[in-house]
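Trainee: Starting off with a structure, shown below.
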């Protein structure tokens, strides 16, 4: 009996009892459907977290200055400037795992164009900032190191600021805006970056050289850096190492005795990202294992029905044996039957799972990501369930004694 | 002497249930030649069904040797026995044993499927076998749409479709009325006349009359074994006789 015939005989046996076949596969349908829907939701959540952190910048460390402590009231990180411009230079030059570092100083000031104004976050920084933040310039160019050195009055606008001052699709490069009474020439527009994980609009911002910022906004460039330092490590594997190296360097430079607290703090964004990542992965795993249990239950359902089927069809097995079916052929027939049930269940489950995921995505605006490999694995797994739970009933059928089987009523 | 198809030498079959030992066959030696029509008779418990199962390769003897068509069957594996049943033997049972919800022609195709005969050839041979038993017009009927006699004829077609050396029939008329029985016996005689060896088990003396040789069994042994002049099943018989027999 060739494989095509075996499959045909198995399918015919299944179709003889359509309702039963459907109910049998239901366990697998729900199992596979649940696995696919859960994995799609999990993968969607994970992708969203990844996207949010990628938008912040890759391999990013943020160094914050220390806190003030006056009369027992502690000011929180960043309230007291402890980072110096020399610290920045040392981080750039002496830490091998650091790719780039940029100072960031912030103030909220109104920017005035010809007939419009808009208050936004103005950042004083260096040209490396755009690399560190993974932030390309859409129109024009970023300011240069010589702009920083010369304290030039140039500005890079975020897309939201451009929209507010000039309207969307406008190209403001070459125009002049004012911050307070100081005119700045627009040299570039940063590409649209979207929202942060907390819903903050990255594009509602403007950037000027930090030297200009210190002079025009803060009133002079002192010893201390009145803001934060953003650092990009060479790779994501290097961030932890860079964090250690910078900590050691700054403790040394700030003469902090062993055992005393740091007068600065370093935030490792990839660490935070990793932790959130792990959170979503744990959730996905949890959901998937619940779904896998239901696959297992589905498998037991198939075994149960196959055992019933073997008993019911004992006489048929006897007839087949009498006309020359080998035990192996009987085994294959019932195995293929179990396999067909489980694969059919798997395929229906795929449709159900993809449908559910798509529905959830549309109904609740959940980020849902359907991965082809998950579909392949769940169909493969349901086939495996069919084999594992089908082999025992099939063996039972193949080992029947033909005489007993023929006499069976 | 002609060529032997079935050669049983001192075959025993012992069933062990607990402490009780049941000798279903107690040293049976039997030689059936090609082209014989043998009827095996005996009361229930005489061992005739056990003998049939062993001859039919459905069961293996406890002792003795069995040679079928020149091959020593006693000691073969289940798989080899299945091959022998498929290629050398044809079976007809008392309860027809057709697959339900399966058409006549598909039932007849069954042995060919296991014999690895391709689709078109299979259909052709199955149709031919059904025509031979007079069911050429009922190819696609399901067993529940056929009368008992027709079902048994489908079963006979299934038994002969793979051109077996021997057709074995276990009480083939047991579930049929006397008129239909004669029709079925006529088919068996037709097979026999065309050269197929037929071995038939029955407990009805008038069915055994159609065979060319009569073996009577009792208590697991051959009681008598004689060649007889077979009655012609195609000749009309008086209904009186049948009334007396049933």
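Trainee: If residue B:37 passes every condition in (1) within 14 Å of chain A (Cβ to nearest Cβ); (2) over 25 Å from residue A:398 (Cα atoms); (3) in contact with a helix residue (DSSP H, G or I) (Cβ under 6 Å, 6 or more places away or on another chain) but one, which one does it miss?
Mentor: Only one criterion in (1) within 14 Å of chain A (Cβ to nearest Cβ); (2) over 25 Å from residue A:398 (Cα atoms); (3) in contact with a helix residue (DSSP H, G or I) (Cβ under 6 Å, 6 or more places away or on another chain) is unmet by residue B:37, namely (1).
Trainee: Just for segment A:326-335: of the residues that are within 14 Å of chain B (Cβ to nearest Cβ) and assigned to a helix (DSSP H, G or I), which one is surrounded by the fewest Cβ atoms within 10 Å (Cβ to Cβ)? Give the derivation first.
Mentor: Kept after step one, since they are within 14 Å of chain B (Cβ to nearest Cβ), are these residues of segment A:326-335: A:326-333.
After this cut, where a residue has to be assigned to a helix (DSSP H, G or I) as well, the list is A:327-333.
Numbers: A:327: 19, A:328: 13, A:329: 20, A:330: 24, A:331: 20, A:332: 21, A:333: 23.
The extreme case among them is A:328.
Trainee: Another question, if that's okay. Sort through A:145, A:159 and tell me the only one that's closer than 15 Å to residue A:207 by Cα, in the same structural domain as residue A:117 (by TED's automatic domain parsing), buried (at least 18 other Cβ atoms within 10 Å of the Cβ) and out of contact with any strand residue (DSSP E or B) (no Cβ under 6 Å at 6 or more places or on another chain).
Mentor: Matching residue, one of A:145, A:159: A:159.
Trainee: Here is a follow-up. Those residues that are more than 12 Å from the chain's Cα centre (by Cα) and at pLDDT 75 or above, I need them from segment A:41-63; list them, please.
Mentor: A:59, A:60, A:61, A:62, A:63
Trainee: When the residues of segment A:268-283 are narrowed to those that are in contact with a helix residue (DSSP H, G or I) (Cβ under 8 Å, 6 or more places away or on another chain) and modelled with pLDDT of 80 or more, which ends up surrounded by the most Cβ atoms within 10 Å (Cβ to Cβ)?
Mentor: Here is the first cut: in segment A:268-283, the ones in contact with a helix residue (DSSP H, G or I) (Cβ under 8 Å, 6 or more places away or on another chain) are A:268-273, A:276-277, A:280-281, A:283.
Next cut, modelled with pLDDT of 80 or more only: A:268, A:281, A:283.
On the way: A:268: 18, A:281: 15, A:283: 15.
Taking the candidates together, the pick is A:268.
Trainee: Related question: Take the conditions within 14 Å of chain B (Cβ to nearest Cβ), at negative phi, free of Cβ contacts under 8 Å to residues at least 12 places away in the same chain and crowded, with 19+ Cβ neighbours inside 10 Å and apply them to residue A:312. Does it pass?
Mentor: The answer is no for residue A:312.
Trainee: Where in segment A:143-259 are the helices (runs of 4 or more DSSP H), entirely inside, with at least 1 residues that are touching a helix residue (DSSP H, G or I) at 6+ places or on another chain (Cβ under 7 Å)? Give the steps one after another, and end with the answer.
Mentor: Numbers: elements: A:145-150, A:159-166, A:210-213, A:239-253.
Once the helices (runs of 4 or more DSSP H) in segment A:143-259 are filtered for at least 1 residues that are touching a helix residue (DSSP H, G or I) at 6+ places or on another chain (Cβ under 7 Å), what remains is A:145-150, A:210-213, A:239-253.
Trainee: Separate question: Looking at A:397, A:383 in this structure, which one is closer than 17 Å to residue A:9 by Cα and in contact (Cβ under 8 Å) with a residue 12 or more places away in the chain?
Mentor: Going through A:397, A:383 in turn, just one is closer than 17 Å to residue A:9 by Cα and in contact (Cβ under 8 Å) with a residue 12 or more places away in the chain: A:397.
Trainee: I've got another one for you. Pull up segment A:336-370, narrow it to residues that are part of a loop (DSSP other than H, G, I, E, B) and surrounded by fewer than 20 Cβ atoms within 10 Å (Cβ to Cβ), then point me to the one that is nearest to the other protein chains (Cβ to nearest Cβ).
Mentor: By that ranking, first place goes to A:370.
Trainee: Condition first: more than 30 Å from the chain's Cα centre (by Cα) and surrounded by fewer than 15 Cβ atoms within 10 Å (Cβ to Cβ). Can you find one or more residues in segment A:186-209 that meet it?
Mentor: Within segment A:186-209 (the criterion being more than 30 Å from the chain's Cα centre (by Cα) and surrounded by fewer than 15 Cβ atoms within 10 Å (Cβ to Cβ)), the answer is no, since none of the residues qualifies.
Trainee: Given the criterion more than 26 Å from residue A:285 (Cα to Cα) and either more than 14 Å from chain B (Cβ to nearest Cβ) or in a loop (DSSP other than H, G, I, E, B) (or both), identify the matching residue among A:11, A:19.
Mentor: Exactly one residue qualifies, and that residue is A:19.
Trainee: Another question, then. Look through segment B:65-101, keep the residues that are surrounded by fewer than 16 Cβ atoms within 10 Å (Cβ to Cβ), in contact (Cβ under 8 Å) with a residue 12 or more places away in the chain and outside any strand (DSSP E or B), and return whichever of them is nearest to the other protein chains (Cβ to nearest Cβ).
Mentor: B:101
The values are calculated or read from the model by the stated rules, or taken from the named source; none is laboratory data. If you're wondering where the values come from, they're calculated on a predicted model, not measured in any experiment. Heads up, the Cβs are rebuilt from the backbone with ideal geometry, glycines too, and the neighbour counts pull from every protein chain shown.
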